[in-house]
1. Counting Lys +1, Arg +1, Asp -1, Glu -1, what net charge surrounds residue 95 among other residues with beta carbon under 12 Å of its beta carbon?
2. Largest first, what is the accessible-area ranking of 162, 8 with a 1.4 Å probe?
3. In the range 1-148, what percentage of the DSSP-assigned beta bridges are antiparallel, given to the nearest 5?
4. Where Rh is the Kirkwood radius over the Cα pairs of the range 1-146, the temperature 20 °C and the viscosity 1.002 mPa s, what D in µm²/s does Stokes-Einstein return?
5. Just want to confirm a number: the relative contact order over the chain, from Cα pairs under 8 angstrom separated by 6+ residues, in percent.
6. For the range 97-246, evaluate the Debye formula with one uniform point scatterer on each Cα (no solvent term) and list log10 I(q)/I(0) at q = 0.09, 0.22 Å⁻¹, rounded to two decimals.
7. To the nearest 10 square angstrom, what accessible area does residue 22 show with a 1.4 Å probe?
8. Under a 1.4 Å probe, what is the accessible area of the chain per residue, stated in Å²?
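The values are calculated or read from the model by the stated rules, or taken from the named source; none is laboratory data. Quantities reported herein were computed from a predicted structural model and do not represent experimental measurements. Here the Cβ positions follow ideal geometry from the backbone for every residue, glycine too, while neighbour counts run over all protein chains shown. Ligands, DNA and RNA are excluded from the accessible area calculation, which covers all protein heavy atoms including side chains. Shrake-Rupley method; radii C 1.70, N 1.55, O 1.52, S 1.80 Å.
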Amino acid sequence: RVLREADYLITNTPVMLRNFIENNRDIEGLGKKFCFISNGYDMDDFRDLPVPGGENEKFTMTYTGLLYGQRKPDTLFEAVRRLISGKAINAEEIRIKLIGNYKEGYINGLIEKYGLSGIVEVYPYMKHSECLKHLVSSDALLHIEGNAPGSEAFYSGKIFEYMNTGRPVLAIIPKNGAAAQLIRETRIGLVSDSDDVEQTMENIKKLYEMWQNKVSGFDPDREKIARYERKVLTGELADIFNKLVK
């Protein structure tokens, strides 16, 4: 009833938009009054932050947010474990930061299971401004999402902040989902499927070697990234309001 009677419809990912239209083909003209406006980032949050990057003594990957259900670090941890055991990376030269509220027994159990003591550092919840400082000073930012039903249709809000840090994203997510599509379009990082340990290993090794050799193969599309600033997105919403009142 909502889809039939609304004058305009907005969802927040292109995958959701496609699904709504494909699943409701009997509603005439649905595609003409349906669009998506995504989440975004706020430039004001990035004022007065340190210059992105720097000379970290260890290759530093940072994850912010919760880990629960299908969103778990096992693929990442197994990839790092194999790279270390195969001597593709030096255990003394890698650091994984997890920032958020975690069940201590759960995280510590995983760290022990994968032999990553001294590599994984767990930080408690912190102010947003402090969290951003950790992000911009990292060598790679971790985006993790499981293959739960429907997970391919949505973005996690953190991906938009990640894209404006100037740091490459290492994404372990549904490879054909909305977030993967966004990462490829904006060229902000590397994607492997949620359960694909081999591709995750390749991506970590690529970023690690960039850090080792002090070179950047990271070439984000700044023009596309700018479209996700919240003032720009608000302008898109205002355009819809203008269409409706006319």
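1. -3
2. Numbers: 162 0, 8 60 Å².
If we order 162, 8 from most to least accessible, we get 8, 162.
3. Working: 1 of 16 bridges.
Antiparallel bridges: around 5 percent, rounded to the nearest 5.
4. Details: Rh = 18.5 Å.
It diffuses with D of about 116 µm²/s by this estimate.
5. Values: 381 pairs, mean separation 56.9, N = 246.
Value for the chain: 23 percent.
6. -0.35, -1.60
7. Approximately 90 Å² for this residue.
8. Details: 13090 Å² over 246 residues.
For the chain, the per-residue accessible area is 53 Å².
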